[in-house]
Amino acid sequence: MNKVWNLEQYKDKIAIKDEFGKTITYNELDFQSKKLAENVSSRCLVFSLCRNEIGSILGYVSFIQNGIVPILLNSHLEEGLLNSLLETYKPSYLWVPKDQKAQFSTMTVIYEAYDYILIDTGYEKNYKLYDELALLLTTSGSTGSPKLVRQSYSNILDNAQSIVKYLELNDTERPITTLPMNYTYGLSIINSHLLVGATILVTDKGIMQKEFWEFFKSSEATSFGGVPYTYEMLDRLRFYRMNLPSLRSITQAGGKILPELHEKFANYAKDNGKKFVVMYGQCEATARMGYLPPEKAVEKKGAMGIVIPGGKFKLIAADGSEITEPHTTGELVYEGKNVTLGYAECLEDLSKGDERNGILETGDMAQFDEDGFYYIVGRKKRFLKIYGNRVNLDEVDRLIKEYFNAEVASTGVDDHMYIFVTDNNLAEPVKDFIVNKTKLNPVAFKVFVIDNIPKNDSGKILYNELKKYYAE
């Protein structure tokens, strides 16, 4: 049996505490996870509809510890998209919040625990699962896409151990949830903290809600993680003025944070005896690949950092050669035991073995400096050709965001760039600004004003959803 955690060693220590005061100890988590698994007939596929709740984490732990393969999905996933995934993957069981029972009224409830129910779907188990397959997660840009990342037991354990090492985690930690657990970054926080016997504080409340901070303070949270958007919101909340004596560290991943925000939070941490850790990762590498040591957070503003313990980075030039000179852009390639098995797009793919052999071409363009610290400069595919000139869309977004302090997303097709903003007063100024910066024909640029920039659970922009505004 491929277990990831040794839960019983932490005995009566509280493993999870929710905002309503409910708790579950490590012994109880171990016992309940075995009990849940007894109701599942064999190694099979389960859809787990996730919330930041005790029952949701219990299900995840049970499935991983007992050789059952979960697909983690947001419990708020639109019904049509969920039905499409059900039809594609035909899971043997569902583990869902009790209040969503009516949605599956034609199926049979066979077990209940911690406000979650186990449902027998009635689908025949006529599929084969690769022996090392532990978990399936949606890729960060997807909603109801059938494309899933296949993670192994050793992927999960190796990455969690590496995170424990570089963040120096121990059983006194009390991380509070700020990210969905079906998102690789949010899940990595759970994985690594369960490994060391910490107490995970779970809440579905967000950082813009008063109840979140009340729970934070009353439970003496020691850390939280956030994507760039989280830190933009914290900046608006004047986070630096909050009195949070229990807070030890804050982590950031899920995309590149604006350099001036990086500097603000790095200085806040330095001045208040806390750690600010910028990290880099992808679902395809289980979670983490790089991190910026907190003592370098101010000095190396804008850097993603260095490779995690046990991993290797290299940069590959367009001609396939390895880059050895600092400040030279190439595609970042990562090697490590946490590189996942590959993708699945249908039920038959779940029998596939390891297709990556520990090597991941990240699709991110990067540079390193004289000290060996890496900087992400854009995505390999986030480029347009405008009248023969190569334009980096990530760079366009960054320039507009920094100059106008506004939400923005740019996309398009060659010779046509479409820029989306949420402020009507910015339409003309943004266009003039980019025309001036690029020195390209104004005809190539069009600015759309929309109510909200569409984002996924992790705060990443859903560029595909913008196509409806300009696609013919």
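The values are calculated or read from the model by the stated rules, or taken from the named source; none is laboratory data. This structure is a prediction, so every number in the text was calculated from the model and none was measured. Note that we place each Cβ from the backbone using ideal geometry, even for glycine, and neighbour counts take in every protein chain shown.
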Residue ID - surrounded by the fewest Cβ atoms within 10 Å (Cβ to Cβ), chosen from residues in segment 283-308 that are among the charged types (D, E, K, R) and either part of a strand (DSSP E or B) or touching a helix residue (DSSP H, G or I) at 6+ places or on another chain (Cβ under 6 Å) (or both):
LYS301
Candidates GLY273, GLY305, GLY342 - the one that is touching a Phe, Trp or Tyr at 6+ places or on another chain (Cβ under 8 Å) and either assigned by TED's automatic domain parsing to the domain that holds SER223 or modelled with pLDDT under 95 (or both):
GLY305
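Can you pull out the residues in segment 64-75 that are in contact (Cβ under 8 Å) with a residue 40 or more places away in the chain and closer than 19 Å to THR177 by Cβ?
Keep residues of segment 64-75 that are in contact (Cβ under 8 Å) with a residue 40 or more places away in the chain, which gives 64-67, 69-74.
Correct list: ILE64, PRO70, LEU72, LEU73, ASN74.
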For segment 248-261, what are the residues that are free of Cβ contacts under 8 Å to residues at least 40 places away in the same chain and farther than 11 Å from PHE276 by Cα?
ILE257, LEU261
Could you check how many residues of segment 315-342 are closer than 18 Å to ARG379 by Cβ and in contact with a Leu (Cβ under 9 Å, 6 or more places away or on another chain)?
10
Quickly run through segment 16-40 and pick out the residues that are of a type in the set (A, V, I, L, M, F, W, C), under 23 Å from ASN52 (Cβ atoms), out of contact with any Gly (no Cβ under 8 Å at 6 or more places or on another chain) and surrounded by 13 or more Cβ atoms within 10 Å (Cβ to Cβ).
ILE16, ILE24, LEU29, PHE31, ALA37
GLU260 - would you say it is at pLDDT below 95, surrounded by 15 or more Cβ atoms within 10 Å (Cβ to Cβ) and not small (Gly, Ala, Ser)?
no
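Has segment 35-48 got any residue that is of a type in the set (Lys, Arg) and over 25 Å from ARG174 (Cβ atoms)? Give the derivation first.
Our first condition is that a residue be of a type in the set (Lys, Arg); within segment 35-48, this holds for 35, 43.
Filter once more, keeping what is over 25 Å from ARG174 (Cβ atoms): 35, 43.
Yes, because at least one residue in segment 35-48 is of a type in the set (Lys, Arg) and over 25 Å from ARG174 (Cβ atoms).
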Can you name the number of the only condition in (1) free of Cβ contacts under 8 Å to residues at least 12 places away in the same chain; (2) of a type in the set (A, V, I, L, M); (3) part of a helix (DSSP H, G or I) that ILE434 fails?
(1)
May I ask you to verify whether ASN392 is surrounded by fewer than 20 Cβ atoms within 10 Å (Cβ to Cβ), under 30 Å from ASN52 (Cα atoms) and modelled with pLDDT under 95?
no
Checked LYS210, LYS205 against criteria (of a type outside the set (S, T, N, Q), over 27 Å from ALA366 (Cα atoms) and surrounded by fewer than 18 Cβ atoms within 10 Å (Cβ to Cβ)); the one match is LYS210
On the basis of being closer than 30 Å to LYS312 by Cα and among the hydroxyl-bearing types (Ser, Thr, Tyr), does SER218 make the cut?
no
Take TYR375 and tell me if it is assigned to a strand (DSSP E or B), within 23 Å of the chain's Cα centre (by Cα) and under 30 Å from LYS128 (Cα atoms).
no
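Just checking, which of GLY358, GLY353, GLY378 is touching a residue at least 60 places away in the same chain (Cβ under 8 Å) and either in contact with an Asp or Glu (Cβ under 7 Å, 6 or more places away or on another chain) or surrounded by fewer than 15 Cβ atoms within 10 Å (Cβ to Cβ) (or both)?
Working: GLY358 fails: touching a residue at least 60 places away in the same chain (Cβ under 8 Å); GLY378 fails: touching a residue at least 60 places away in the same chain (Cβ under 8 Å).
Answer to the check: GLY353.
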Somewhere in segment 74-90, is a residue touching a Ser or Thr at 6+ places or on another chain (Cβ under 7 Å) and either among the basic types (Lys, Arg) or at pLDDT 95 or above (or both)?
no
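Yes/no matrix, rows are residues, columns are (1) outside any loop (DSSP other than H, G, I, E, B); (2) under 22 Å from ARG174 (Cβ atoms):
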residue: ASN243; (1), (2): no, yes
residue: SER246; (1), (2): no, yes
residue: ILE250; (1), (2): yes, yes
residue: LYS256; (1), (2): no, no
residue: LEU261; (1), (2): yes, no
residue: PHE276; (1), (2): yes, yes
residue: TYR280; (1), (2): yes, no
Please return the ranges of strands (runs of 3 or more DSSP E) entirely within segment 67-143 where 1 or more residues are over 25 Å from the mean Cα position of the chain (by Cα), over 22 Å from TYR343 (Cβ atoms) and of a type outside the set (Ser, Thr, Tyr).
108-113, 116-120
Residue count for segment 263-274, restricted to those that are at negative phi and assigned to a loop (DSSP other than H, G, I, E, B)
1
Out of GLU211, GLU220, sole residue that is part of a loop (DSSP other than H, G, I, E, B) and at pLDDT 95 or above:
GLU220
Tell me which of these THR172 doesn't satisfy, since it passes every other one: (1) touching a Phe, Trp or Tyr at 6+ places or on another chain (Cβ under 8 Å); (2) farther than 25 Å from THR138 by Cβ.
(1)
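Kindly evaluate LYS205 against the criterion of being outside any loop (DSSP other than H, G, I, E, B) and either in the same structural domain as ALA303 (by TED's automatic domain parsing) or of a type in the set (Phe, Trp, Tyr) (or both). If you could, list the steps in order and put the result at the bottom.
On the way: outside any loop (DSSP other than H, G, I, E, B): no; either in the same structural domain as ALA303 (by TED's automatic domain parsing) or of a type in the set (Phe, Trp, Tyr) (or both): yes.
The answer is no for LYS205.
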Does LYS385 satisfy being of a type outside the set (Asp, Glu) and loosely packed, with under 14 Cβ neighbours inside 10 Å?
yes
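Do you know which residues across segment 145-166 are aliphatic (A, V, I, L, M) and under 15 Å from GLY67 (Cβ atoms)? Can you show your working first?
Going through segment 145-166, the residues aliphatic (A, V, I, L, M) turn out to be 148-149, 156-157, 160, 163-164.
Listed by number, the residues that qualify are ILE156, LEU157.
Output the residues belonging to segment 437-472 that are part of a helix (DSSP H, G or I) and among the charged types (D, E, K, R). Give the derivation first.
Pass one, segment 437-472, residues part of a helix (DSSP H, G or I): 437-438, 442-444, 463-469.
Of everything in segment 437-472, those that are part of a helix (DSSP H, G or I) and among the charged types (D, E, K, R) turn out to be LYS437, GLU465, LYS467, LYS468.
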